Amino acid sequence: MPPSIHPVDLVATLRQRNLTPAIIFLTSRRACDEAMQSFERSQVVLPKPQQEQIARVLTQVTEQFPSIAEHPLIDTVQRIGVAAHHAGHLPSWKIAVEELMRTGSLDAVFATTTLAAGVDFPARTVVVTQSSIRKARDFTDLTASEIQQLAGRAGRRGKDLVGFAVITPSPYIDLTVLTKGLTGQPEAIHSQFVISYPMVLNLLKAHPREQIQSILAKSFAQFQLNQRTAVLETKLDGLRAEMEPFGPRVCSDWITQWQVFDQARKRKKPRGPSARQESPDVAARLHFLTPGRVVGLVRGRGIILRQYRSKGQHAPMVTLLREGGSLNECPASIVTQVFDRTFDCEETSAYPWCTPHTLEQLTHHLMELPPRLPILPILTHQHEDIPLDSSIIQTLGDFACPSCPSRQACQRDFPRASRVRQEIQRHMKSIQALQTSLWHRFQERIDVLERFGYLNATAQLTADGEWARLIRIDHSLLITELIRAEAFGAIDPPLLAAVMASIAHDDDRPGSFPRGSTGLVTLLFQVRKLAESLAPHEDPPMLRADVAALTERWVADQTLTWIGLARLTTMAEGDMFRLFARTIEFLSQLKTLKHTHPSLAESADRAIDAMRRGVLEELP
Amino acid sequence: MTTKELEQVLLQQPVSLLHRLARGRISRHFRSGKRKLVDLLIQASVENRPGLESDLAALIEEQSHRHQTAPPVETGAKPKTHPRPAASPAAPRPHKAEEHGHHEPPVSLHEWLSGIGVPQAQPFVPDAWQVDALARLAETDVVVSVPTGSGKTYVAIEATRRAMQDNRTVIYTSPLKALSNTKFTEFSRLFGPGQVGILTGDRREHAQAPLLIMTTEILRNLLYDAAGGEIDVRLDTLGLVIMDESQYLADPERGVVWEETLIFCPSQARLLLLSASIGNPQDIADWLTAIRPTPCALIRHTKRSVPLRAGYLHPNEKLTPLFRTAGIPYGQPHLLHPEAKRLFTEYEEDTGPSRSR
């Protein structure tokens, strides 16, 4: 049996059962395009009237967006009444497909799941072929909300009496995920509040520092933190109530008194060298044996993947990736040297304790390591007992409080009372952390901005801060630092647009490499260096050279057509369009600096004008 | 057998076998998907690898034996004898086995497919929740959380119309430029082209119109500019802010923009948040009530305006209902249609070997 139903058969079945129009969600753009290709070979042909209707709608849309007229897919769509809709297409083409769906001229649309969140056009039937989606390289199960968003497209109000969500299996489907998602409650949403540099600058511009804590307290993030606090507080109340029967005794703080006594008694107990105690060498190293750390072994070297305690003996153990790629579980004492070198290691909770991708990378790194590595000097602490207070030792014999009336009660209650008190303290600490975490993060940002000179010591905006707060986009720190480093001194519009494009583009789909000019290469090199130096404070952008070069061509060569540009790269048209739209957005932020940086703003303005032509002009 | 080989072998087995293998080894194993189950099994086998391997071998043997002697599975949907119970999402489920399903014969394909068609054209009557939302909006801020396709746009349009009649400015934000553009076209058609403006990162038209459509980022920037004291934006005449797709509040990258916008939104403007179904809309309403002078009402319902049915289409083009009931049995994912269940198990067994990622 085939692993999944053939697209042509799928549409035929839907047609036969009167389940069209349908949206068919596929895993990738490629799958959508391949599904369309399989139709090109098929013999299916629509009846004439429907073909004419499609043609009519397309002509209408073409009036608004002339670029569609030449679209290579038009014939196929007209002949078979099926289209693909995904982010690789130009927005104008997507609008055309949406319009066709809205007028009911198409029988089916192959779409990627990104559609579910974006534009909304309904259908009678939705076909789901997957239970997970690709999110940042990895596949994650669809959430109930996402599944309901997908299924929600089924059933057009006023046009359908019922809607259908049809599941058809493909190799990577997990039916349970889908049935649970269809029948379950959508997930609760959680605040994703992050404090960005422009936010700090803008808040400090409008409000004195003292007021800001109260503004942050108005965020949904704080609201949800407070909800968690409330839960902790009820627990805390419970614990306090549990403390009550132990009530005040003769001494005001009998628990602490007993704690001292308890510790002293334990300390005084003769204690032989315990077998479980690891040697001081190993104990000192343990802190450094973190995932990703390169260590020297008796023979060869390895990378730590996890540290754990063996069952039973509780001996310190490590999982090692050794040269040659084998994974070993060994006692921690096997490590002879700890090197001053760690690699990123994305941990997982099950064997092999890191993601397959990490494992692959680490194996690679391990082979590439230079023969000599700096060794971390590790100080070993010898266990040394702090001498006890002599007064306690003296009284230990008949401690505590021999004459105290509550002695017996204290002795009886101490273990529980001290445990409850520890719990109370832990809860209080977490409550405090929850209440102040946002403010702390804000303070951290202030510190960084102060160090770079956007704020003065009293957290007021400096001259640089005044204009820097107008840059309210991702990677704002990199952009403002570039401006301050005069990297854009008297920059040409093409170069400026190119650099902005490389900062703005955050997609890692591969593209081919049109060559940039020498000026661009040098400039990008500088930008990359600066971005790396800012890495502790701001995640560096991808700074892809190919998208920079592509943008440079488009701006510099005014005779270049969109088709000509598309020939230079393997990027999808939709991706190119998004790249340019985002670049224009970044450039228009630079345009707002016209008072402080007139030549830069002027250059940005000219770059925008130069970019807006052809497809980019016609489209909203 | 090395761990790698064991993993390969496990991955080739049908899920049902893995669950049997997991019995007694892993607690709550029925909650995990196949991949997770294999990982857990390998993890659990650290202690007793030979035991796992021998059990696995026995199960595989048993299965292949059963395959040879298995009787032909019955096919075809059973005829319908009883009317199915109305599936109500809020129904309590104390005796689920008796109430739904196992005594009740599963829905037939014919019944499941019946009722396809176009409803008769009726004069448009707004739903009760739509009327309610609009009434509440006269007094308070409103959060609307309803399933996709329930008619949130109607509420937005009516609210806009009423605000514009009072000569108040309306701002409509959406998360995506594409959506902004669609809305711009749609609203221009409704209210007349001069009445609608659009502001996005790279487009600016009719910026002085009484109804402005923008992306949320632009509104956030306007509010910051206003707070910094440099621009006019007619914030004092701003009467209504509509935020479409407010579930973006939880977007990892952009969610913060929605929060900033809501925190700084002028207090005299009414807020109308339109969101798809989410789990905790009450939290959002409570939050807005806490930070804004006007209280915030929540309009929420989970019933779809067009009923939804779920089906299963096998690669051999055989279509069956997915659940025993025609509608979706909310809260009871285990009520699978026996036919769908059988076909899917068959599918998993057939495609098993190719299912290693």
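The values are calculated or read from the model by the stated rules, or taken from the named source; none is laboratory data. Everything numeric here is computed off the predicted structure, so don't read it as measured data. Because the Cβ atoms are built from the backbone with ideal geometry, glycine has one as well, and the counts that use them run over all protein chains shown.
Determine the pairs where a residue that is more than 7 Å from chain B (Cβ to nearest Cβ) and assigned to a strand (DSSP E or B), located within region A:155-179, has a partner that is crowded, with 24+ Cβ neighbours inside 10 Å and modelled with pLDDT of 90 or more with Cβ atoms under 7 Å apart, the partner being 6 or more residues away or on another chain.
From region A:155-179, no pairs qualify.
Exactly one of (1) within 14 Å of another protein chain (Cβ to nearest Cβ); (2) among the small types (Gly, Ala, Ser); (3) at positive phi is unmet by B:Gly192. Its number?
All conditions are met except number (1).
Go through region B:142-158 and give me each residue that's away from chain A (no Cβ under 14 Å) and either hydroxyl-bearing (Ser, Thr, Tyr) or surrounded by fewer than 24 Cβ atoms within 10 Å (Cβ to Cβ) (or both). Spell out how you get there, then give the answer.
Initial filter on region B:142-158 (away from chain A (no Cβ under 14 Å)): B:142, B:144, B:157-158.
Hits for region B:142-158 are B:Ile157, B:Glu158.
Would you tally the residues in region B:227-268 being in contact (Cβ under 8 Å) with a residue 40 or more places away in the chain and hydrophobic (A, V, I, L, M, F, W, C)?
Total satisfying the criteria: 9.
Residue-wise test of (1) modelled with pLDDT of 90 or more; (2) in contact with a Gly (Cβ under 7 Å, 6 or more places away or on another chain); (3) facing chain B (nearest Cβ under 10 Å).
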{"site": "A:Glu40", "(1), (2), (3)": "no, no, no"}
{"site": "A:Ala69", "(1), (2), (3)": "no, no, no"}
{"site": "A:Ile74", "(1), (2), (3)": "no, no, no"}
{"site": "A:Lys94", "(1), (2), (3)": "no, no, yes"}
{"site": "A:Val127", "(1), (2), (3)": "yes, no, yes"}
{"site": "A:Arg137", "(1), (2), (3)": "no, no, no"}
{"site": "A:Ser145", "(1), (2), (3)": "no, no, yes"}
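It is to be established whether one or more residues within region A:419-437 are among the charged types (D, E, K, R), more than 30 Å from A:Asp253 (Cα to Cα) and more than 25 Å from the chain's Cα centre (by Cα). Spell out how you get there, then give the answer.
Step one: of region A:419-437, the residues among the charged types (D, E, K, R) are A:419, A:421, A:423, A:426, A:429.
From what's left, more than 30 Å from A:Asp253 (Cα to Cα): none.
No, region A:419-437 contains no residue that is among the charged types (D, E, K, R), more than 30 Å from A:Asp253 (Cα to Cα) and more than 25 Å from the chain's Cα centre (by Cα).
Residues are listed down the side, and each one gets a yes or a no for (1) closer than 23 Å to B:Ile213 by Cβ; (2) at pLDDT 90 or above; (3) over 22 Å from the mean Cα position of the chain (by Cα):
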site: B:Gly255; (1), (2), (3): yes, yes, no
site: B:Ala269; (1), (2), (3): yes, yes, yes
site: B:Leu274; (1), (2), (3): yes, yes, no
site: B:Asp283; (1), (2), (3): no, yes, no
site: B:Leu308; (1), (2), (3): no, yes, no
site: B:Pro321; (1), (2), (3): no, yes, no
site: B:Arg324; (1), (2), (3): no, yes, no
site: B:Gly352; (1), (2), (3): no, no, yes
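Just to check your reading of the model, which residue among B:Gln165, B:Gln208 is without any contact (Cβ under 8 Å) to a residue 12 or more places away in the chain, over 24 Å from A:Leu590 (Cα atoms), surrounded by fewer than 16 Cβ atoms within 10 Å (Cβ to Cβ) and more than 27 Å from the chain's Cα centre (by Cα)?
Details: B:Gln208 fails: over 24 Å from A:Leu590 (Cα atoms).
Criteria check complete, one pass: B:Gln165.
Would you confirm, using the coordinates I've provided, whether A:Leu568 is in contact with a Lys or Arg (Cβ under 7 Å, 6 or more places away or on another chain), over 21 Å from B:Lys177 (Cα atoms) and either surrounded by 21 or more Cβ atoms within 10 Å (Cβ to Cβ) or not assigned by TED's automatic domain parsing to the domain that holds A:Ala84 (or both)?
Against the criterion (in contact with a Lys or Arg (Cβ under 7 Å, 6 or more places away or on another chain), over 21 Å from B:Lys177 (Cα atoms) and either surrounded by 21 or more Cβ atoms within 10 Å (Cβ to Cβ) or not assigned by TED's automatic domain parsing to the domain that holds A:Ala84 (or both)), A:Leu568 qualifies.
Closer than 19 Å to A:Val260 by Cα and in a helix (DSSP H, G or I): does that describe A:Arg419?
Numbers: closer than 19 Å to A:Val260 by Cα: yes; in a helix (DSSP H, G or I): yes.
In short, yes.
Out of B:Val155, B:Val144, which single residue is in a strand (DSSP E or B), touching a helix residue (DSSP H, G or I) at 6+ places or on another chain (Cβ under 7 Å) and at pLDDT 90 or above?
On the way: B:Val155 fails: in a strand (DSSP E or B).
Result: B:Val144 is the single residue among B:Val155, B:Val144 that is in a strand (DSSP E or B), touching a helix residue (DSSP H, G or I) at 6+ places or on another chain (Cβ under 7 Å) and at pLDDT 90 or above.
So, of the residues in region A:571-620 that are hydrophobic (A, V, I, L, M, F, W, C) and within 18 Å of A:Ser476 (Cβ to Cβ), which turns out to be surrounded by the most Cβ atoms within 10 Å (Cβ to Cβ)? I'd like the intermediate steps shown before the answer.
To start, the set of residues in region A:571-620 that are hydrophobic (A, V, I, L, M, F, W, C) comprises A:571-572, A:576-577, A:579-581, A:584, A:586-587, A:590, A:593, A:600-601, A:604, A:607-608, A:610-611, A:615-616, A:619.
Next, only the ones that are within 18 Å of A:Ser476 (Cβ to Cβ) stay: A:584, A:586-587, A:590, A:593, A:600-601, A:604.
On the way: A:Ile584: 24, A:Phe586: 23, A:Leu587: 25, A:Leu590: 25, A:Leu593: 18, A:Leu600: 20, A:Ala601: 18, A:Ala604: 27.
Ranking the candidates gives A:Ala604 first.
Before we move on, is B:Leu240 under 21 Å from B:Lys183 (Cα atoms) and not in a helix (DSSP H, G or I)? Give the derivation first.
Details: under 21 Å from B:Lys183 (Cα atoms): yes; not in a helix (DSSP H, G or I): yes.
Spelling it out, B:Leu240 is indeed under 21 Å from B:Lys183 (Cα atoms) and not in a helix (DSSP H, G or I).
Just one of (1) part of a strand (DSSP E or B); (2) at pLDDT below 90 trips up B:Leu212, so point out which.
That leaves (2) as the condition not met.
Counting residues that are among the hydroxyl-bearing types (Ser, Thr, Tyr) and touching a residue at least 40 places away in the same chain (Cβ under 8 Å), which helices (runs of 4 or more DSSP H) fully inside region A:503-620 reach at least 1? Break it down into steps so the answer makes sense when it comes.
Working: elements: A:518-533, A:545-556, A:562-568, A:573-591, A:598-611, A:615-618.
Correct list: A:545-556, A:573-591, A:598-611.
Considering only residues that are surrounded by 14 or more Cβ atoms within 10 Å (Cβ to Cβ), more than 12 Å from chain A (Cβ to nearest Cβ) and of a type in the set (A, V, I, L, M, F, W, C), which ones fall in region B:29-65?
Within region B:29-65, B:Leu52, B:Leu56, B:Leu59, B:Ile60 qualify.
Would you be able to tell me the number of residues in region B:298-314 that are more than 8 Å from chain A (Cβ to nearest Cβ) and surrounded by 17 or more Cβ atoms within 10 Å (Cβ to Cβ)? Reasoning before the result, please.
Residues of region B:298-314 that are more than 8 Å from chain A (Cβ to nearest Cβ), as a first pass: B:298-303.
Within this subset, residues satisfying the condition of being surrounded by 17 or more Cβ atoms within 10 Å (Cβ to Cβ) are B:298-299, B:301.
Qualifying residue count for the region: 3.
What tally of residues in region A:437-483 results from selecting those that are part of a helix (DSSP H, G or I) and surrounded by 14 or more Cβ atoms within 10 Å (Cβ to Cβ)? Before you say what the answer is, go through the steps one by one.
Initially, region A:437-483 is screened for residues part of a helix (DSSP H, G or I), giving A:437-452, A:463-468, A:476-483.
In the following step, the residues that additionally are surrounded by 14 or more Cβ atoms within 10 Å (Cβ to Cβ) were identified as A:437-439, A:441-443, A:445-446, A:448-450, A:452, A:464-468, A:476-483.
The number of residues fulfilling the criteria is 25.
Can you tell me how many residues in region B:315-333 are in a loop (DSSP other than H, G, I, E, B) and at the interface with another protein chain (Cβ under 8 Å from one of its Cβ atoms)? I'd like the intermediate steps shown before the answer.
The initial filter retains those residues of region B:315-333 that are in a loop (DSSP other than H, G, I, E, B), namely B:315-318, B:322, B:324-326, B:328-333.
Filter once more, so that each one left must be at the interface with another protein chain (Cβ under 8 Å from one of its Cβ atoms): B:315-317, B:322, B:328-333.
Residues in region B:315-333 being in a loop (DSSP other than H, G, I, E, B) and at the interface with another protein chain (Cβ under 8 Å from one of its Cβ atoms): 10 in total.
Count, please, the residues in region B:249-284 that happen to be part of a helix (DSSP H, G or I) and either facing chain A (nearest Cβ under 8 Å) or crowded, with 23+ Cβ neighbours inside 10 Å (or both). If you could, list the steps in order and put the result at the bottom.
So the first thing to find is which residues in region B:249-284 are part of a helix (DSSP H, G or I), and the list is B:249-250, B:255-264, B:281-284.
If we keep only those that are either facing chain A (nearest Cβ under 8 Å) or crowded, with 23+ Cβ neighbours inside 10 Å (or both) too, we end up with B:249-250, B:255-263, B:281, B:283-284.
Residues flagged as part of a helix (DSSP H, G or I) and either facing chain A (nearest Cβ under 8 Å) or crowded, with 23+ Cβ neighbours inside 10 Å (or both) within region B:249-284 amount to 14.
Filter region B:9-51 for residues that are of a type outside the set (Lys, Arg), assigned to a loop (DSSP other than H, G, I, E, B) and free of Cβ contacts under 8 Å to residues at least 24 places away in the same chain; which is nearest to A:Ala350 (Cα to Cα)? Write out each step before concluding.
Just the residues of region B:9-51 that are of a type outside the set (Lys, Arg), to begin with: B:9-19, B:21-22, B:24, B:26-27, B:29-30, B:32-33, B:37-48, B:50-51.
Those still in the list that are assigned to a loop (DSSP other than H, G, I, E, B) too: B:13-14, B:24, B:26-27, B:32-33, B:45-48.
If we keep only those that are free of Cβ contacts under 8 Å to residues at least 24 places away in the same chain as well, we get B:24, B:26-27, B:32-33, B:46-48.
On the way: B:Gly24: 19, B:Ile26: 14, B:Ser27: 16, B:Ser32: 14, B:Gly33: 15, B:Val46: 11, B:Glu47: 14, B:Asn48: 16 Å.
Per the stated criteria, the residue is B:Val46.
Working carefully through the options B:Arg136, B:Arg161, find the one that is more than 12 Å from every other protein chain (Cβ to nearest Cβ), assigned to a helix (DSSP H, G or I) and out of contact with any strand residue (DSSP E or B) (no Cβ under 6 Å at 6 or more places or on another chain). Steps first, answer last, please.
Numbers: B:Arg136 fails: out of contact with any strand residue (DSSP E or B) (no Cβ under 6 Å at 6 or more places or on another chain).
It is B:Arg161.
Taking region A:14-70 as the search range and keeping residues that are assigned to a loop (DSSP other than H, G, I, E, B) and without any contact (Cβ under 8 Å) to a residue 24 or more places away in the chain, which one is farthest from A:Glu617 (Cα to Cα)? Show your work before the answer.
Pass one, region A:14-70, residues assigned to a loop (DSSP other than H, G, I, E, B): A:17-21, A:27-28, A:42-47, A:65.
Among the residues that remain, those that are also without any contact (Cβ under 8 Å) to a residue 24 or more places away in the chain are: A:17-18, A:43, A:47.
On the way: A:Arg17: 43, A:Asn18: 41, A:Gln43: 38, A:Pro47: 36 Å.
Per the criteria, the residue is A:Arg17.
Do we have any residue at all in region B:199-208 that's closer than 30 Å to A:Gln222 by Cα, within 13 Å of chain A (Cβ to nearest Cβ), hydrophobic (A, V, I, L, M, F, W, C) and assigned to a strand (DSSP E or B)?
Within region B:199-208, the first condition is being closer than 30 Å to A:Gln222 by Cα, and the residues that meet it are B:200-201.
Subsequent filtering for residues that are within 13 Å of chain A (Cβ to nearest Cβ) retains B:200-201.
Then drop every residue that is not hydrophobic (A, V, I, L, M, F, W, C), which leaves none.
Scanning region B:199-208 turns up no residue that is closer than 30 Å to A:Gln222 by Cα, within 13 Å of chain A (Cβ to nearest Cβ), hydrophobic (A, V, I, L, M, F, W, C) and assigned to a strand (DSSP E or B).
Being free of Cβ contacts under 8 Å to residues at least 12 places away in the same chain and facing chain B (nearest Cβ under 7 Å) is the filter here, so list the residues in region A:200-218 that pass it.
Listed by number, the residues that qualify are A:Ala206, A:Lys218.
Checking A:Asp141 against (1) under 14 Å from A:Thr27 (Cα atoms); (2) surrounded by 23 or more Cβ atoms within 10 Å (Cβ to Cβ); (3) modelled with pLDDT of 85 or more, which test does it fail?
The one condition A:Asp141 does not meet is (2).
Quick check on my filter: what residues within region A:251-267 are exposed (fewer than 15 other Cβ atoms within 10 Å of the Cβ) and not in a helix (DSSP H, G or I)?
Correct list: A:Ser252, A:Asp253.
Could you figure out which of (1) surrounded by 19 or more Cβ atoms within 10 Å (Cβ to Cβ); (2) farther than 30 Å from A:Ile5 by Cβ; (3) more than 8 Å from chain B (Cβ to nearest Cβ) isn't true of A:Ser191?
(3)
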